[in-house]
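In what follows, a single structure is set out as structure tokens and then discussed.
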Amino acid sequence: PAQRRLQLQWLRVTVAMGEPGVDWTIPQIKLFADGGSAEGQYLMYQMFLGQQFGAENASFRVSRADAIRYLKASGEQGHLGALMDLAWQYRRGPLLRRDAVMSVKMARRIESAPPQGISETAYERKIKARTPLAMALTTLEGKGFSQAELRAAFRQVEAAVANSKDRLDGARLTHANALRRGIGTRKDPARARRLIEAMMATDRTASAIHADMLARGEG
């Protein structure tokens with residue numbers, strides 16, 4: 001306990017395990033968080049998420065307002081986990097009001113986030129490598145972007161689905177929808193329908209979109 005670095009590591013492991021009574025660590029975590037520790041701030045946010053899944057009788061709790069405040073404070077310091085959660089919360093909610101522009105802004109900060117430890121890890125490089133596609137998808141799915149941004153996003157997504165060896169079902173659906181709606185590219189419902197039909201065997205969402213296109217006479 002006298003060594004703050006080891007105490008923080010112990011708290012991280014304890015929160016990750018999530019065993020009964022973990023709420024008793026909140027006062028200790030709060031001392032780190034209020035002292036400016038990005039990891040402590042992120043742990044306070046994680047404790048809020050944990051109590052959403054059944055800790056009705058917890059002795060200590062983190063309020064929604066405090067969880068948001070700590071998450072944003074951690075992200076401001078370049079905490080990778082916080083930035084990832086901020087990008088997701090702004091994209092999908094429900095903790096923050098959905099805002100695609102803010103989601104992309106947080107994702108850009110992921111790209112430039114400093115090493116989370118002594119040096120950058122393989123995990124960090126993997127996350128950063130995935131971020132450009134995530135930003136492009138958010139741009140095509142969201143609102144508030146310029147036509148130039150939409151066109152650039154479409155080109156990036158189209159290249160990804162054409163060249164990737166992975167399935168990328170979500171990206172392929174977003175790509176097809178952009179063609180269907182004319183988002184960042186010329187409207188081409190016939191091509192969109194062909195792409196969606198090719199996905200129907202493995203993706204139920206594609207089947208629903210296909211049915212909607214048939215009902216509307218698209219493509």
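The values are calculated or read from the model by the stated rules, or taken from the named source; none is laboratory data. Not measured: the values here are computed from a predicted model. Cβ: placed from backbone, ideal geometry, glycine included. Neighbour counts: every protein chain shown. Keep in mind that these areas ignore ligands, DNA and RNA; they rest on the heavy atoms of the full protein, side chains included. Shrake-Rupley method; radii C 1.70, N 1.55, O 1.52, S 1.80 Å.
From the list Asp188, Asp166, exactly one residue is more than 30 Å from Ala38 (Cβ to Cβ) and over 21 Å from the mean Cα position of the chain (by Cα). Which is it?
Asp188
Based on what the data block shows, is Arg151 out of contact with any strand residue (DSSP E or B) (no Cβ under 8 Å at 6 or more places or on another chain) and either within 19 Å of Ala100 (Cα to Cα) or surrounded by 21 or more Cβ atoms within 10 Å (Cβ to Cβ) (or both)?
For Arg151, the condition - out of contact with any strand residue (DSSP E or B) (no Cβ under 8 Å at 6 or more places or on another chain) and either within 19 Å of Ala100 (Cα to Cα) or surrounded by 21 or more Cβ atoms within 10 Å (Cβ to Cβ) (or both) - is met.
Find the residue count for region 169-191, including only residues that are part of a loop (DSSP other than H, G, I, E, B) and of a type outside the set (Asp, Glu).
6
Mind telling me which of the residues Asp34, Asp23 ends up being free of Cβ contacts under 8 Å to residues at least 24 places away in the same chain and either over 18 Å from Thr131 (Cβ atoms) or under 15 Å from the mean Cα position of the chain (by Cα) (or both)?
The unique qualifying residue is Asp34.
Checking the structure you have, find out if any residue of region 108-121 is under 28 Å from Ala73 (Cβ atoms) and open to solvent by less than 40 Å² (accessible area, probe 1.4 Å).
Among the residues of region 108-121, at least one is under 28 Å from Ala73 (Cβ atoms) and open to solvent by less than 40 Å² (accessible area, probe 1.4 Å), which makes the answer yes.
Can you give me the number of residues within region 192-206 that are part of a helix (DSSP H, G or I) and surrounded by 15 or more Cβ atoms within 10 Å (Cβ to Cβ)?
Residues in region 192-206 being part of a helix (DSSP H, G or I) and surrounded by 15 or more Cβ atoms within 10 Å (Cβ to Cβ): 7 in total.
So, in region 59-90, exactly how many residues are over 14 Å from Ile127 (Cβ atoms), touching a helix residue (DSSP H, G or I) at 6+ places or on another chain (Cβ under 9 Å) and open to solvent by 10 Å² or more (accessible area, probe 1.4 Å)?
Residues that pass the stated criteria total 14.
Only one residue in Leu49, Leu83 is at pLDDT below 95 and under 26 Å from Glu111 (Cα atoms), so which one is that?
Checking each option against the conditions leaves just Leu49.
Identify, from the list Lys165, Lys143, Lys126, Lys187, the residue that is basic (Lys, Arg), without any contact (Cβ under 8 Å) to a residue 12 or more places away in the chain, closer than 30 Å to Tyr42 by Cα and open to solvent by 50 Å² or more (accessible area, probe 1.4 Å).
Lys126
Please determine whether any residue of region 59-77 is modelled with pLDDT of 95 or more, of a type in the set (Gly, Ala, Ser) and in contact with a Lys or Arg (Cβ under 8 Å, 6 or more places away or on another chain).
Yes, there is a match, as at least one residue in region 59-77 is modelled with pLDDT of 95 or more, of a type in the set (Gly, Ala, Ser) and in contact with a Lys or Arg (Cβ under 8 Å, 6 or more places away or on another chain).
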